[in-house]
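The values are calculated or read from the model by the stated rules, or taken from the named source; none is laboratory data. It should be emphasised that the depicted structure is a prediction, and the values quoted were computed from it without experimental measurement. Quick reminder, even Gly has a Cβ in these numbers, built from the backbone with ideal geometry, and neighbours come from all protein chains shown.
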Amino acid sequence: ASFELLLLPGDGIGPEVMAQVERLVQWVNETGEAELETTSDLVGGCAYDEHGEAISEEAMKQAVSADAVMLGAVGGPKWDDVPYDKRPEAGLLRLRKDLELFANLRPAICYPALADASSLKRELVDGLDIMIVRELTGGVYFGEPKEITDLGDGQKRAVDTQVYETYEIERIARVAFELAQKRGNLVHSAEKRNVMKTGVLWNEVVTRVHKDEFSDVQLQHILADNCAMQLIRYPKQFDVIVTDNLFGDVLSDEASMATGSLGMLPSASLGAEDENGRRKALYEPVHGSAPDIAGRDIANPIATIASFAMCLRYSFDLGGLADRIEGAIAKVLDQGYRTADIMQDGKHEVGTTQMGDAILSA
Ligand code: NAI
Ligand code: MG
């Protein structure tokens, strides 16, 4: 099969970590299992410098027609005073909105070699592999009304509105169940039906989608606050957690701390299925452009490389190659290779390109 992949390296360390992905694209093509055709374009501050916009119409067109998009990172102090709607993040928001990326996948994986860097005890996280599926385009971050009203006498009233409709819950639930079928076959659905109407509907819709379409998957409902507690108490009880935008924001950041460094965390954002059953998708590391270390070839490329592995698995159905890349990451960590952000006593410190070398040869 052949696929079109749009690369948007962006700003700061973005181009440095994306360069390692380009080497892996070449490796994929050499395996003969698929043909990846890449195009590169600008996003973020570098796009603003060139076009006066955080992403050009031309790049947006490419993003819509590509089979998948990989993004490095955007932003940096250079663009702090750029008008709000042209700031680097606007490029990312535009991509999320135009591709209707409603499902944010945030894995929390703990490589055994790094278990000591976790905020939790080694035995709790060694081998941890959770997938948090966060609804990304609805809920309280977007619901109307959203306002602050002046009530006089120094008093104000602030309102945010949590809104979900059936179709939004159905489609995120399907993503979670489909993922679980390819993993540990267990979904926890987190909401607060005890105090929120959106929680009641969430619970009802997830239950129905499960019964009608995915009864082979194990489903457990869990209150979101209990979920937060269980993630610290015994995280390995989870496989896939599906939840709304707000709870997902909090729970995914919480779970990520079980894994060690920001430089290790990949993500995927998936959109609606088209008529051919293919989803729009954007893959990116969780970290930002790290201006403090940019240009020195010391950034950790693993988050971006692991995001590429997710791209192979979810957009190109190349799970075997994704497994090999993830296996190579685990292997180089076992061999003692470390970038500065995950350096430990007695290990071998390497730069961005050298980490790419090690993973490629593994
Ligand atoms: P950041 O994630 O860029 O950096 C936070 C800290 O982690 C820094 O000390 C950095 O050196 C370190 N770090 C991050 N990624 C690393 C890697 N791969 N290897 C080694 N160390 C790494 O977050 P920060 O500093 O808050 O933001 C910097 C810029 O990035 C800002 O302009 C911000 O708006 C932007 N940003 C962009 C994001 C995106 O493109 N999705 C996400 C978060 C921030
Ligand atoms: Mg967050």
Among (1) away from ligand 1 (no atom under 12 Å from the Cβ); (2) farther than 19 Å from L5 by Cβ; (3) in the same structural domain as G44 (by TED's automatic domain parsing), where does I293 come up short?
(1)
Residues in segment 122-132: is at least one among the small types (G, A, S) and buried (at least 18 other Cβ atoms within 10 Å of the Cβ)?
no
Just to be sure before I move on: is G143 farther than 17 Å from N245 by Cβ and surrounded by fewer than 17 Cβ atoms within 10 Å (Cβ to Cβ) in the structure I sent?
no
Could you please let me know if M257 is touching a strand residue (DSSP E or B) at 6+ places or on another chain (Cβ under 9 Å) and more than 16 Å from ligand 2 (Cβ to nearest atom)?
no
Consider I241 against the criteria (1) farther than 24 Å from E168 by Cα; (2) within 16 Å of ligand 2 (Cβ to nearest atom): it satisfies all of them except one. Which criterion is unmet?
(1)
Six or more apart or on different chains, Cβ under 7 Å: which pairs go from a residue in segment 243-262 that's closer than 11 Å to L120 by Cβ to one that's among the polar types (S, T, N, Q) and surrounded by fewer than 22 Cβ atoms within 10 Å (Cβ to Cβ)? Could you list them?
M257/S119; A258/S118; A258/S119; T259/S118; G260/S118
Of all residues making up segment 141-174, the number that are within 20 Å of the chain's Cα centre (by Cα), at pLDDT 95 or above and not aliphatic (A, V, I, L, M)
3
Can you find a residue in segment 78-99 that is at pLDDT below 95, touching a Lys or Arg at 6+ places or on another chain (Cβ under 8 Å) and at negative phi?
yes
If we keep only residues of segment 54-73 that are in contact with a Leu (Cβ under 6 Å, 6 or more places away or on another chain) and of a type in the set (A, V, I, L, M, F, W, C), then the residue farthest from I13 (Cα to Cα) is A66
Of the residues A34, A66, only one is farther than 29 Å from M257 by Cα, surrounded by fewer than 20 Cβ atoms within 10 Å (Cβ to Cβ) and assigned by TED's automatic domain parsing to the domain that holds I359; which?
A34
For segment 245-362, which fully contained helices (runs of 4 or more DSSP H) count at least 1 residues that are among the basic types (K, R) and buried (at least 19 other Cβ atoms within 10 Å of the Cβ)?
302-314
When you scan segment 256-285, how many residues do you find that are over 14 Å from L105 (Cβ atoms) and within 12 Å of ligand 1 (Cβ to nearest atom)?
5
Listing of strands (runs of 3 or more DSSP E) fully contained in segment 23-140 that carry 1 or more residues being β-branched (V, I, T), within 15 Å of ligand 1 (Cβ to nearest atom) and within 21 Å of the chain's Cα centre (by Cα)
68-73
Among the residues of segment 306-318, are any within 13 Å of ligand 1 (Cβ to nearest atom) and either not assigned by TED's automatic domain parsing to the domain that holds A176 or not aromatic (F, W, Y) (or both)?
yes
Sole residue being away from ligand 2 (no atom under 16 Å from the Cβ) and either touching a residue at least 12 places away in the same chain (Cβ under 8 Å) or among the basic types (K, R) (or both), chosen from V200, V205, V195:
V205
Identify the residue in segment 269-293 that is in contact (Cβ under 8 Å) with a residue 12 or more places away in the chain and out of contact with any strand residue (DSSP E or B) (no Cβ under 8 Å at 6 or more places or on another chain) and, among all such residues, is nearest to M70 (Cα to Cα).
R278
Examine segment 196-206 for a residue that is small (G, A, S) and either closer than 29 Å to E123 by Cα or surrounded by fewer than 17 Cβ atoms within 10 Å (Cβ to Cβ) (or both), and state whether such a residue exists.
no
Regarding A272, is this residue closer than 20 Å to A115 by Cβ, away from ligand 2 (no atom under 11 Å from the Cβ) and of a type outside the set (D, E)?
no
